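This report concerns only the one structure given below.
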Amino acid sequence: MAVLSAGCHAFDVLAPRLAVLGLLALGCHASVQGDAKANTNGEADAELDAEVQKERAVAAPEGMKPDAQPASEASTDSKKPLLGARSDLTLVPADVAGQCSCLRVALGPANLGAFRWAAETPAVDDQTQLALALTSAGSGCKDPKGSQGASYWGYGRKGDDVVVYIENGVQGRPLAQGAIIPKPFGQGQVYMAPAKKGVIYGKAADGKGRCKIGNPGVTRTIPVTPDEMGAGAGGPAGDATSDEDLLTGR
């Protein structure tokens with residue numbers, strides 16, 4: 001009986017410890033599985049982004065490069081978010097009139113009511129940055145063959161103005177419907193324009209020239225920096241709404 005009692009006592013002492021070790025093992029296993037899944041998703045996202053950029057580089061209008069990558073993370077040396085496409089920003093179409101040809105656009109501070117953020121609203125610098133969201137949904141236009149709708153391509157500066165270029169969305173990758181762009185200097189304005197001929201989105205409502213969106217908020221007096229020049233400083237040679245187009249109405 002003494003041996004049996006000693007054995008039971010040993011089990012009573014070891015049982016809680018074994019239970020704790022079991023829980024730790026399960027926790028570690030879940031953590032490894034979660035990390036493995038996160039790493040797999042991250043690699044897939046990186047591969048998709050690389051493929052998107054490869055396709056855009058091949059199809060880029062002459063003299064222009066698209067934004068390098070979606071800017072979903074803040075800069076490491078500043079509170080300001082990076083300039084460029086935002087995968088976490090979309091437009092609430094009902095809150096915006098169709099001011100451009102086949103396109104609805106909202107422009108303003110990050111907390112604008114027409115914006116829908118999938119995550120936390122970024123701390124956009126109202127002195128030098130503007131948030132922009134767009135969609136061709138509800139515009140009344142039929143998407144061209146092969147197009148999944150309007151998609152942000154990049155931006156370029158023309159003097160004090162900022163021109164946002166729109167491309168046809170491609171099947172197999174998400175539409176880019178949001179971006180953070182540099183605020184135009186002084187009395188400069190933000191315009192929308194097709195990235196190349198054949199794109200129906202982004203001209204003025206009458207189909208002639210670029211579509212003026214405006215420049216809401218305070219007047220910018222801070223000089224423009226080189227990293228704000230964007231995809232096409234001076235505009236692409238293949239810009240569907242070149243100066244000649246603006247004059248002729250093509």
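The values are calculated or read from the model by the stated rules, or taken from the named source; none is laboratory data. These numbers were taken from a predicted model, which means no experiment stands behind them. When we count neighbours, we look across all protein chains shown, and the Cβ atoms used for this are built from the backbone with ideal geometry, even at glycine.
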Inset, instruction - Only one of these is of a type in the set (S, T, N, Q) and within 15 Å of Ala106 (Cβ to Cβ): Gln177, Gln187, Gln148, Gln171. Name it. - result: Gln177
Legend entry - Selection from region 190-199 of residues that are within 21 Å of the chain's Cα centre (by Cα) and part of a loop (DSSP other than H, G, I, E, B): Ala195, Lys196, Val199
Legend entry - Qualifying residues in region 200-215 (those that are in contact (Cβ under 8 Å) with a residue 60 or more places away in the chain and outside any loop (DSSP other than H, G, I, E, B)) - the one nearest to Lys142 (Cα to Cα): Lys203
Inset, instruction - Take the residues in region 135-190 that are in contact (Cβ under 8 Å) with a residue 60 or more places away in the chain and among the β-branched types (Val, Ile, Thr), then tell me which one is surrounded by the most Cβ atoms within 10 Å (Cβ to Cβ). - result: Ile166
Inset, instruction - Name every residue in region 158-178 that is outside any strand (DSSP E or B) and not acidic (Asp, Glu), in order of residue number. - result: Gly159, Gly169, Val170, Gln171, Gly172, Arg173, Pro174, Leu175, Ala176, Gln177
Inset, instruction - Give the residue, chosen from Lys212, Lys183, that is at pLDDT 95 or above, among the basic types (Lys, Arg) and touching a Lys or Arg at 6+ places or on another chain (Cβ under 7 Å). - result: Lys183
